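Since every read-out is calculated from the coordinates, none of them should be taken as a lab result. These numbers come from a predicted model, not from an experiment. Here the Cβ is made from the backbone with ideal geometry for all residues, glycine too, and neighbour counts use every protein chain on show.
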Ligand SMILES: Cc1cc2nc3c(=O)[nH]c(=O)nc-3n(C[C@H](O)[C@H](O)[C@H](O)COP(=O)(O)OP(=O)(O)OC[C@H]3O[C@@H](n4cnc5c(N)ncnc54)[C@H](O)[C@@H]3O)c2cc1C
Ligand code: FES
Ligand code: FES
């Protein structure tokens, strides 16, 4: 057994774990954070995506002991104070899910994308989510959901200035 | 799925890693990004008794440029190489390959050095490093040795590394100022291993080809150098004729398996086409440099 301390969604957890315990199982079974899904269990689908020190990774392919001292964010950590985060809201507004199995991984990966690139193109969104597989939606609405979130976050950052707003075409050119 | 039980060591100093490996020999395995090893352990294709994690060893996570070239530490992830401006400017073969490896999530953990140590014949970095004539620096309690990548691979998933050795870095020689290169990969979908991959690198010397580096992915027991093709190119006047000749020679160096990704003949044809395209693109970049 090994003693680990992991910061999960802002709270420190200290536990004795077997070295072979996968991070996904630690989160789901030990911490009861079942939002992190296990889909393929073979490192292919991204349903298990969490942020590790800010980077999206597959928690089915990392041991909990490797997360010792690191900061993990799961889908449960996205909303604050019962308030949906813009990406979650975007998935709701744009119908970015059907069965919802891939959704936590998608939202976590999209969170990392918008952190790095607040105004991604469709191409950039598809590229950033290319490690996350969805068997239902065909991805179109997932891309729309992320665009929705990007726009919402920009409007939040710069709430009002409608009079000076550039025409859409110029905005695109200056991106 | 979960792996067989193992002891976990996570030393904070390289010396302790080397001591552990010396003590446990082939019962131990080094863990870098874990993107090949952990899936294999979950499938119980690998059941090491001891896992020695490099994750907390300081000083292994840097990409450094020296007058001689690049030094890439054992913890440098694919994603960092994908984002590197330096690679885009001076090491275009690497810049072309990085975004084609696995998917973004795997690239956040997997390492270039681990990829070489893993020696998957369908791994992409192997060909890139062969084309660039890179070297692997290996350390053990017995000392350090520098292994040319061209002498590194011995077969599918096997290299000259000893169980007591850690590959601490890869050294990539600095290409001449008038050089160019690229990596072309045919994959069925994003995240797939190569059906065929071609790494091409050309250095110009007074409008003739100086050194040429050409290596192939997924068409043999390990990443292979198209040596005959390199000879055809060296000293020649660059252009479609000699590139076509090199493509034929490279196709002869390829011995691909027929499998779900395509027949051997098909893959050999992809080698021909990609070698021609890769060399043409390399030449363009070299002439623009
Ligand atoms: C879904 C998926 C898709 C992938 N697609 C591709 C692809 O398209 N192209 C491609 O090239 N690769 C692909 N990979 C493999 C990926 O690139 C791995 O990151 C890489 O092969 C291994 O690097 P690692 O750091 O993860 O090594 P690990 O998994 O940690 O180790 C792999 C092996 O190398 C040994 N090792 C690692 N580092 C060292 C070291 N420093 N010294 C000595 N031994 C060491 C380990 O003991 C182990 O045997 C894919 C992987 C996955 C899961
Ligand atoms: S469950 Fe982890 S990648 Fe599919
Ligand atoms: S919504 Fe069903 S898998 Fe994506």
- Expressed as a whole number, the average count of other chain Cβ atoms within 10 Å around the Cβ atoms of B:90-103 is 1
- Item | Theoretical ellipticity at 222 nm over chain A - DSSP helices of four or more residues, -39500 (n - 2.57) apiece, nearest 500 | -9000 deg cm²/dmol
- Residue separation between residue B:158 and residue B:288 times 0.36 nm, minus their alpha-carbon distance, gives in nm 42.9 nm
- Query: What is the distance, in nm, between label points placed 7 Å from the Cα along the Cα-to-Cβ direction at residue A:84 and at residue A:123?
  - Reply: 3.1
- Task: Would you mind checking the tilt of helix A:140-157 against the longest principal axis of the Cα atoms of chain A, expressed as 0 to 90 degrees and rounded to 10?
- Result: 70
- Which order do A:26, A:139, B:266, B:183 fall in if you start with the one that has the fewest other Cβ atoms within 10 Å? B:266, A:139, A:26, B:183
- Item | Theoretical FRET efficiency, 1/(1+(r/R0)^6), r = Cβ-Cβ of residue B:65 and residue B:44, R0 41 Å, to 0.05 | 0.50
- Over the whole of A:126-134, what's the average partner chain Cβ count within 10 Å per residue? Rounded to a whole number, please. 4
- Mind sorting B:10, B:282 by how few other Cβ atoms lie within 10 Å of their own Cβ, fewest first? B:10, B:282
- Message: Can you give me the angle between helix B:264-288 and the longest principal axis of chain B, using Cα atoms only, in degrees from 0 to 90, rounded to the nearest 10?
- Response: 80
- Note on the structure: So, with points 7 Å from each Cα along the Cβ direction, the residue B:205-residue A:135 label distance in nm works out to 5.7
- In deg cm²/dmol, rounded to 500, what helix-only [θ] at 222 nm does chain B give when every DSSP H run of at least 4 residues adds -39500 (n - 2.57) and the total is split over its residues? -9500 deg cm²/dmol
- Task: Mind checking the full-extension length gain between residue B:150 and residue B:273? Use 0.36 nm per residue of separation minus the Cα-Cα distance, one decimal, nm.
- Result: 41.9 nm
- Cα long-axis angle, helix B:240-253 against chain B (0 to 90 degrees, to the nearest 10): 40
- Message: Beyond 33 Å, how much of the Cα-Cα pair distribution for the protein assembly as shown remains, as a whole percent?
- Response: 42
- Expressed in nm to one decimal, what extension gain is obtained for the pair residue A:34 and residue A:151 from 0.36 nm per residue of sequence separation less their Cα-Cα distance? 39.2 nm
- Order of B:189, A:30 from fewest to most other C-beta atoms within 10 Å? B:189, A:30
